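Below: one structure, written as structure tokens.
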Amino acid sequence: MNASTIFFTILHKFDVNKKREDYLEWDEYFMAMAFLAAKRSKDPCTQVGACIVNSNNVIVGIGYNGMPKGCNDDQFPWSKQSQSQLENKYLYVCHAELNAVLNKNQGNLSDCTLYVGLFPCNECAKVIIQSGIKKVMYMSDKHAHKISTIASKKMFDASGVKYIQFTPKKRKIIIDFDEINWNDQSQLPTSPPLDNMSRVMRTLSLNNNRSVQFNDKESVNIGSNFTDANDAIAKKSQEQL
Ligand SMILES: O=c1ccn([C@H]2C[C@H](O)[C@@H](COP(=O)(O)O)O2)c(=O)[nH]1
């Protein structure tokens, strides 16, 4: 890709008069919600999130793996290799799928799809089936060889619950809390400072003009193509050092 192609690609991508093209698709959005929920998990080894969605694309339940209410997660064990089963997490932890179903805010889940990071175990499969959920979208099937997963699949097949492994087009979705300020010139983000490339991209995308503001008084003309722009900004930054 040459400089002018990059320039026009960026211009097009950030055209404030056109509908965005890189928005999340529904499946990506719901799976990302499941992954975000997983970030709440205190499990040191495996964090699982689950998100239940109805036929109107409305989220009706969300959950992650954690200790039951009232069972202090600083006191109950998180280990998995203790000699005593009572000292391991497995007897206590509520799985993400169970929590998502129990957290539901819609009476009947019969039109729903469950998005989950990990293929459901046999205990969760029973809960999913009994709740009426008709479809499971999962990411990882790393326990495919385990009998609990084989049992889950047997039960899903028998009860007509579809299960589909989700392959996202985007491998990463980044959440940046500073992003909210990007579209407002009067509200320039204070932290972290923008690097040169970000200044150029923001100026090109927002102003449709060709100058970048450095501080209250100074601006620099960034020319009409991306390479010139980057060079101009780099030069100005050097002068300021
Ligand atoms: O379907 C599932 C399977 C497992 N989980 C949870 C339960 C535990 O907190 C971890 C598994 O721990 P490992 O250390 O990987 O054995 O994942 C779940 O929520 N849903």
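By a 1.4 Å probe calculation restricted to protein chains, Lys80 has an accessible surface near 90 Å², given to the nearest 10. Using C-alpha pairs below 8 Å separated by at least 6 residues, the relative contact order for the range 1-155 is 19 percent.
Subtracting the Cα-Cα distance from 0.36 nm times the residue separation, let me have the gained length for Ser148 to Lys69 in nm, one decimal.
25.9 nm
For the range 27-122, rounded, prolate or oblate, judged on the Cα gyration tensor with a ≥ b ≥ c (square roots of eigenvalues), a/c < 1.5 rounded, else prolate if a/b > b/c? Taking the square roots of the gyration eigenvalues as a ≥ b ≥ c, the range 27-122 is prolate. Other residues within the sphere of radius under 12 Å centred on the Cβ of Asn99, judged by their own Cβ, net out at +2 (K and R +1, D and E -1). The relative contact order of the range 71-130 comes to 27 percent, based on Cα pairs under 8 Å that sit 6 or more residues apart. Taking a sphere under 14 Å around the Cβ of Ser110 and counting the other residues whose Cβ falls inside, with K and R at +1 and D and E at -1, yields a net charge of +3. Summing +1 for each Lys or Arg and -1 for each Asp or Glu, what net charge is found among the other residues whose Cβ lies under 14 Å from the Cβ of Thr149? After counting each charged neighbour, the total is +1.
The values are calculated or read from the model by the stated rules, or taken from the named source; none is laboratory data. Just so it is clear, the structure is predicted and the values come from calculations on it, not from any experiment. Reconstructed Cβ throughout: ideal geometry from the backbone, glycine too, with neighbour counts over all protein chains shown. Only protein heavy atoms, including side chains, enter the accessible area calculation; ligands, DNA and RNA are left aside. Shrake-Rupley method; radii C 1.70, N 1.55, O 1.52, S 1.80 Å.
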